[in-house]
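Before any comments, here is the structure.
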Amino acid sequence: TRTDIPALERLVIGAGGFDTDTSTTYLDENGNAVKRKALSKQAKKTLHDYELIQYDMTAGKGYLNDTNFFAVK
């Protein structure tokens, strides 16, 4: 859930414009950067689930399109 990993961001803009460092930054509930290794076991599992969903939506076979996964209450 979003409480496992409150925010993640891919940093690509530096002080001088676009930067070559495209590493992902993970933020805790207070907005502090944390290393991926420091995430809890549940947070790492949730992150893996996010990656599977992202893959399915962008390059996968779109299995989620035929489900109610994207339905908003």
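General remarks:
- Residue within region 33-46 that is of a type outside the set (Phe, Trp, Tyr) and either modelled with pLDDT under 80 or part of a strand (DSSP E or B) (or both) present: yes
- Annotation note: Cβ proximity below 9 Å between a residue of region 38-51 that is hydroxyl-bearing (Ser, Thr, Tyr) and a residue that is at pLDDT 85 or above (sequence gap 6+ or interchain) occurs for no pair.
- One residue stands out in region 30-45 among those that are out of contact with any Ser or Thr (no Cβ under 7 Å at 6 or more places or on another chain) and among the hydrophobic types (A, V, I, L, M, F, W, C): the one that is surrounded by the fewest Cβ atoms within 10 Å (Cβ to Cβ), namely Ala38.
The values are calculated or read from the model by the stated rules, or taken from the named source; none is laboratory data. Bear in mind that the values here come from a model prediction, so they are computed numbers and not experimental data. Quick reminder, even Gly has a Cβ in these numbers, built from the backbone with ideal geometry, and neighbours come from all protein chains shown.
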